[in-house]
1. Rounded if a/c is under 1.5, else prolate if a/b beats b/c, else oblate: with a ≥ b ≥ c from the C-alpha gyration tensor eigenvalues square-rooted, which is chain B?
2. Filter chain A for me: DSSP H helices, axial length by Cα at least 24 angstrom, mean Kyte-Doolittle hydropathy not below -1.0. List them by residue number.
3. Under 20 Å from a point 7 Å along the Cα-to-Cβ line of B:THR33: which residues of the stretch B:159-180 have their amide N that close?
4. For a Förster distance of 30 Å, can you work out the FRET efficiency between the beta-carbons of B:VAL17 and B:LEU286, rounded to the nearest 0.05?
5. Relative to the present Cα-Cα distance, how much length would full extension add between B:ALA100 and B:LEU317 at 0.36 nm per residue of separation?
6. Once you have the Kirkwood Rh of chain A from its Cα pairs, apply Stokes-Einstein at 25 °C and 0.890 mPa s and quote D in µm²/s.
7. Quick one: what does P(r) look like for the stretch B:223-296 with 5 Å bins over all Cα pairs, in whole %?
8. Dipole of chain B (Lys/Arg Cβ +1, Asp/Glu Cβ -1, origin at the Cα centre): which of B:LEU135, B:TYR208, B:ALA69 lies farthest to the positive side?
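Just so you know, all these numbers are worked out from the coordinates, no wet-lab data involved. Quantities reported herein were computed from a predicted structural model and do not represent experimental measurements. Note that we place each Cβ from the backbone using ideal geometry, even for glycine, and neighbour counts take in every protein chain shown.
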Amino acid sequence: MDLPSLLQYLITGLTVGATYGLTALGFTIIFNTTGIINFAQGEFVMLGGMMSVFFMRALGLPEPLAIVLAVVCATLLGAVVERLAIRPVRDGSPINLIIITIGISILIRGAAMLLWGKDTFALPAFSGSEPLSFFGAALMPQTLWVLAISLLILAGLKTFFSRSIHGKAMLACSYDPKAAALVGIGVDRMVLLSFMISALVGAVGGAILAPITLTSFDVGVMLGLKGFAACILGGLGNPFGAAAGGLILGVLESLGAGLISSAYKDALAFVILLVLLFVRPSGLFGQKDGKRV
Amino acid sequence: MSMGYGKDMRWLCGLLVLLVIAPPLLGNNYYLTVLTMCCLNAMIAVGLSLLVGHAGQISLGHAGFYGLAAYTTAVLSATLGVPVGLSMLAGVGVSAGVAALVGLPALKLKGHYLAMATLGFGVILSILFNETVELTGGPSGFTDIPRLALFGFEFTSDLAVYYFIILILGLVIWLSFNILHSRVGRALRALHTSEKAAQAMGIDIARYKLFIFVISAAFAGLAGVLYAHYLTFIAPASFGFLFSVQLIVMVVLGGMTSIPGSIVGAFFLTVLPEFLRAFESIEILLFGGILVLCMMFLPDGLAGGFDRLWRWVWRMLYVRRDKDQDTGEDTGEKTDQAGGGDHG
């Protein structure tokens, strides 16, 4: 295989992988504060893309404004979900909470289908669709946008968690909610915040990916699966593992599609994931804390 | 939640009687189809309840075992001309065998990692069903599967197939109750409470987990082969990730640790969409909403909810009889139980 096509697969993989990484970050943030896997995470990614399209078409807003509005709406929806469906039953068993998030994902998907139909939509690329040449590979400007915005979000989250008092409080909750409550952290508020942040991160991911992969009411399922896979690949609970896991998964998939067959690209990604899990049961960057019997 | 063996058996007999007398009461062929699907889903849910509720292991890939068996028997009987009885056995065998192979490494994983591994396995199978077009017919499905036939007897009517399916469902439930009331069941309960303590008591955790995993895959496989020969048509959409999730929801919604609960959950979740069809476009919203509300307000599932309702009704009746009789012999404890005692 020649260098340009290898590079091409790498670029495609990193672009899609960045979105997987953002979805995975969303999973991780909620998992760390609550211990639950939010199965509705993929739906927030879908909403980011679909609402941007909707605000552009129905309200005639310029694209940046539409995206910002979509992200704000998704974030608010994240807060609503936490307040109405999670907080009243916070002390329930994790599996019950997980089923509740499954119910919420069905609700959101259903509402999206009712509102916008079953069609596939495209969001225009942020800055033209004239490919740039990069060592012989074609580089779409949108790819640069995706990578830049993902990095920006990653840096923003890093700063938030290590510098701001709220971020530190959330970290404290993830270590030990009881101890966090004892030192005066409002755990409820942190859980609310974690749902909002992960909805925000997911929606941004959905909006920046929509110009590349198109969007429809049901893209959330597969994106959610991939995001969860990325989390596990990187080691559940480790935000930077999640981001890295997303990129690795994206690249593997794209190489699989290019080298083997595009029909089996998803299968290949999961086969590698399974093999990896069997060899390293707590992910690539997870702690080896007796996850194995 | 461990009930006595006798009570379990009475429950099973009651269920079977209900299922046997149901078709004439329903009348309509469409209802019979729904009821048959309920029984097939219940078969998978029972196995999954053993795995999730009793062995404490999650699987998000059971739709894969269901599909694997369905496709195996379809290919063997329709494409290769193997007799239906044999191809069905082979289908169940393949599901169980693959479960043993996958379970060996996968069951060493815990919690969310196991969920991911089984989920990945299910997704891989689902992609295979879709992509191996010359074998499975691909996304448009596998048609012309022969109808159920055993020992030269062909089940020509849907009703006959239905009765055969409830026979198998009865066996599956009977077997599950027996497993739970055996040494294996006690080991599982110990394992669920504390793996470390169970291990310290000399319980071979890995073996029991694998045993239950294979059993539950075999039950899913049974449902799969029956489904294939009942409908005579299968498509990959029935065996995808969403169905795996739905199966877990059946078990949890019904009441995780109760086999009757998982059956109730399976019936509820299979009938609900049919019932909601009357609402047409908002059907899916109602489905999601009901799911969320059920989990919020019935944390121990439908079985737990019924249980509480039943106890409440029983207490009401008891208090009333107490007051009617009012003979004053040995009622102290029971009036205490009535608490407020102002229902009358």
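1. Numbers: a/c = 1.91, a/b = 1.47, b/c = 1.30.
Note, shape of chain B comes out prolate.
2. Numbers: long enough: A:3-34 (45 Å, 1.09); A:41-58 (25 Å, 0.92); A:63-81 (27 Å, 2.33); A:94-116 (33 Å, 1.91); A:141-163 (32 Å, 1.19); A:187-213 (38 Å, 1.71); A:239-259 (30 Å, 1.40).
Qualifying helices, which must be both long enough and hydrophobic enough, are A:3-34, A:41-58, A:63-81, A:94-116, A:141-163, A:187-213, A:239-259.
3. B:159-166
4. Working: r = 32 Å, r/R0 = 1.06.
For B:VAL17 and B:LEU286, the calculated efficiency is 0.40.
5. Details: separation 217, 0.36 × 217 = 78.12 nm, distance 5.03 nm.
This chain segment gains 73.1 nm when fully extended.
6. Numbers: Rh = 19.4 Å.
Rounded, D is 126 µm²/s.
7. So the P(r) values, bin by bin, are 3, 14, 19, 24, 22, 13, 5, 0.
8. B:TYR208
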